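The values are calculated or read from the model by the stated rules, or taken from the named source; none is laboratory data. All values reported here derive from a predicted model rather than from experimental measurement. Here the Cβ is made from the backbone with ideal geometry for all residues, glycine too, and neighbour counts use every protein chain on show. For accessibility, only protein heavy atoms count, side chains too; no ligands or nucleic acids. Shrake-Rupley method; radii C 1.70, N 1.55, O 1.52, S 1.80 Å.
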Amino acid sequence: MPTDRSTQAVQVPVSGAQLAGDLVVPGGARGVVLFAHGSGSSRRSPRNQQVAAGLQDAGLGTLLMDLLTEAEERVDAATRELRFDIGLLAGRLTDAADWLGTSEVAAGLPLATFGASTGAAAALITAADRPDRVRAVISRGGRPDLAGDALQRVRAPVLLLVGGADHQVLELNRAAATRLTGEHELSVVPGASHLFPEPGALEAVIGRSADWLARWLPPSPAG
């Protein structure tokens, strides 16, 4: 379990904006996970922070970032118009993926995207648009259906994590899975609802996510 880790506050340059982020890359990390939070959330989402900490324990770097500027968040809080602007969110996540590729501490590390709720669509679109960069995708209680035609272009292996009690989202994930042409798995956490608040539910998400990334972002032979 890596212990030499620290959180680095970063400003991620995206088209027309600078977005705040928290980057952690443990010593000897075998990859980095780029998070896309869900609608109305931010990099401070306690659920994504808990998942990120679990993945750090598994030897992975993480980047939690805001997808909207503070001014945009104020607009969205009043109008809710930006949280479902999947094109905007995906474009910014793709810019962040490109930035990670040039970051001093993360350049050269295999990349995975991890999306929650509407962020799952952004995570999938980034994977479709950067097939040589994104090595794996995870969706937690996500809306992969909102990725539209990009689903058929995703080449990275995709893990769709859904709560068994999140009935509507489970059906949307089942439908989206039929449109994925690459390696994918629909993993249901029994009894869990949309935000996985039930005892042990988020721990199950962490465990299954870590296993998926261990499979597709394995340590280098020299590591």
Fill in the blank from the handout: Its Cα gyration tensor gives the chain an equivalent ellipsoid whose semi-axes in whole Å, largest first, are 23, 21, 17
Completion exercise
By the Cα gyration tensor axes a ≥ b ≥ c (a/c under 1.5 gives rounded; else a/b larger than b/c gives prolate, otherwise oblate), the shape of the stretch 59-187 is oblate
Fill in the blank from the handout: At the level of C-alpha centres, the distance separating the stretch 166-213 and the stretch 69-106, in angstrom, is 23 Å
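What is the percent carbon and sulfur in the accessible area of the stretch 65-175, measuring with a 1.4 Å probe over the protein chains and ignoring ligands? List each step's numbers first, then the result.
Details: 2080 of 4290 Å².
Answer for the stretch 65-175 is 48 percent, counting heavy atoms of protein chains only.
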Problem - Dipole magnitude of the stretch 92-223, debye to nearest 20 (Cβ charges: Lys/Arg +1, Asp/Glu -1, about Cα centre) - result: 180 debye
Exercise for the section: Report, in deg cm²/dmol and to the nearest 500, the calculated mean residue ellipticity at 222 nm for the chain, where each DSSP H run with n ≥ 4 adds -39500 (n - 2.57) and the sum is divided by the residue count. Expected result: -10500 deg cm²/dmol
Exercise for the section: Report the antiparallel proportion of the DSSP beta bridges in the chain as a percent, rounded to a multiple of 5. Expected result: 35 percent
Practice task
Could you size up the charge dipole of the chain around its Cα centre, putting +1 on the beta carbon of Lys and Arg and -1 on that of Asp and Glu, and report it in debye to the nearest 20?
Solution key: 320 debye
Exercise for the section: Using the charge dipole of the stretch 71-197 (Lys, Arg: +1 at Cβ; Asp, Glu: -1 at Cβ; taken about the Cα centre), state which of GLY108, LEU93, VAL189 has its Cα farthest towards the positive end. Expected result: VAL189
Problem - Under 5 Å, built H, 5+ apart or other chain: amide partners of ALA36 - result: PHE114, GLY115, ALA116
Problem - the stretch 101-189, accessible area per residue, ligands and nucleic acids excluded (1.4 Å, Å²) - result: 37 Å²
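Let a ≥ b ≥ c be the square roots of the eigenvalues of the Cα gyration tensor of the stretch 47-89; is it rounded (a/c under 1.5), or, if not, prolate (a/b larger than b/c) or oblate? It would help to have the intermediate numbers written out before the result.
Values: a/c = 3.26, a/b = 2.79, b/c = 1.17.
Prolate shape, in that a/c is at least 1.5 and a/b is the bigger ratio.
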Completion exercise
Computed on Cα atoms only, the convex hull of the stretch 102-160 has an orientation-averaged projected area in nm² of 3.8 nm²
Exercise for the section: Classify the stretch 131-223 as rounded, prolate or oblate, taking a ≥ b ≥ c as the square roots of the eigenvalues of its Cα gyration tensor: rounded when a/c is under 1.5, otherwise prolate if a/b is larger than b/c and oblate if not. Expected result: oblate
Handout entry: Accessible solvent surface per residue of the stretch 21-82, calculated while the other protein chains remain in place, 1.4 angstrom probe, Å²
Key = 37 Å²
